[in-house]
Structure formats: C-alpha cells, structure tokens
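Q: Sharing a structure with you now.
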Amino acid sequence: MPRLVSNRLTLRRFKITDAPALARITNDQLVLRNLLRTSCPYTVDDARTKIRRFQGKNLPVWAIDNGQLIGLIGLAGEFGLWLGRSAWARGYGEEAARLVIDHAFTHMNMPVLHANPISDNKSSHRLMQKLGFRKIGRAQSLCAQRNRMVSLVRYELRNPFHLETG
C-alpha cells in the first residue's frame, strides 16, 4: 500500500506504535457514536488488534497523519474514514478522501466506491456531497454504540476512468 501525500497530510501504513493514539482518537463518544461495530471503551489492545488485522490482510487502510495520527481512512469493504475531534472542521477529511479516491480510481482501477454513513451524521453527508458521491438508497444496521438499529444512507461514486474488461 503506497504512501499518499498532500500539502498537509501523509496517508501511510499503520504501525503498531500508532495503537495508543488510535485508541485515544477512537475512544471519544462523539467519534464512537458514528461507528457501527467498534467496541466501547476502545482500548489500546483493541487498536493493536485492528492494526494487526490491517497489516495481516494487507487491507487498503491508511493512517491519516499531519505530524501526528489524526484518524484513519480506507477502502476495506466500503469507503470510510474517521478523524479525532481535534481534526474536525479543518478540511482534513476532504483532503485525505481526495487522495484515496484518486488512488482507488487511477491505480487500483476500482469501478465504484460505496459509503454508508449513519443518517444523522451530517458531517459525513456533507463530505459525501463535496466529493461527488450520489445517494442511491437507504439501509439499516445495528449500531453497537447506540445499542439499536440505525438508518444508513447509501452512497456511490463511480470511476469516470474505469474501463470494463472482458
């Protein structure tokens, strides 16, 4: 998985030494409430397990780094990201997302990206719109943090450069 770089950010492979920072960022109730299957409290051991999974399966998941770990972004199953609260409202999500979308479309030749944010996560919906994703429907999923079923908005972004083969 290549390192992706913008003016302010480096998207890189996770290192096991990122576990304490990942746990700190993730263990915030305002972050956790929008993650469907993340344990609470989210411990350093949970973070180590997740990082080892990323590494072991070579999943396309990057650490978002601006000199320190501020979040994660990936394409494991669907397009998704989360940022620590200190990084909110600074354009980091859009900047990281554009790097990953460009990589997914130009280097991985992915035909389409899917994202499924919780319906009341307004920040994620604004980001999806800025990035050009379009709404394609709704779904339901159990949210461990909220201990109930939640409504999701389904989005897709098609690769304008994808060439069908075969």
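Q: For segment 118-166, enumerate the residues that are surrounded by fewer than 18 Cβ atoms within 10 Å (Cβ to Cβ), touching a Ser or Thr at 6+ places or on another chain (Cβ under 9 Å) and within 25 Å of residue 26 (Cβ to Cβ).
A: Hits for segment 118-166 are 119, 120, 139, 140, 141, 144, 149, 151.
Q: Still on this structure: Output the residues belonging to segment 40-91 that are aliphatic (A, V, I, L, M), open to solvent by less than 30 Å² (accessible area, probe 1.4 Å) and in contact (Cβ under 8 Å) with a residue 24 or more places away in the chain.
A: Across segment 40-91, the qualifying residues are 47, 51, 61, 63, 64, 69, 70, 72, 73, 75, 83.
Q: List every residue pair whose Cβ atoms lie under 6 Å apart, where the two residues are 6 or more positions apart in sequence or sit on different chains, the first residue falls within segment 99-120 and is without any contact (Cβ under 8 Å) to a residue 40 or more places away in the chain, and the second residue, located anywhere, is open to solvent by less than 70 Å² (accessible area, probe 1.4 Å).
A: Correct list of pairs: 116/152; 119/151; 119/153.
Q: Is it the case, given these coordinates, that residue 108 is open to solvent by 70 Å² or more (accessible area, probe 1.4 Å), within 25 Å of residue 40 (Cβ to Cβ) and not β-branched (Val, Ile, Thr)?
A: no
Q: Among (1) within 20 Å of residue 162 (Cβ to Cβ); (2) at pLDDT below 95; (3) assigned to a strand (DSSP E or B), which single condition is residue 108 missing?
A: Evaluating residue 108 over (1) within 20 Å of residue 162 (Cβ to Cβ); (2) at pLDDT below 95; (3) assigned to a strand (DSSP E or B) leaves (3) as the failure.
Q: So, of the residues in segment 94-130 that are more than 16 Å from residue 1 (Cα to Cα) and β-branched (Val, Ile, Thr), which turns out to be nearest to the chain's Cα centre (by Cα)?
A: Here the residue is 118.
The values are calculated or read from the model by the stated rules, or taken from the named source; none is laboratory data. As the structure is a prediction and not an experimental result, all values here were calculated from the model. Backbone-built Cβ (ideal geometry, glycine too); neighbour counts: all protein chains shown. These area figures cover heavy atoms from the full protein model, side chains too; ligands, DNA and RNA do not enter into them. Shrake-Rupley method; radii C 1.70, N 1.55, O 1.52, S 1.80 Å.
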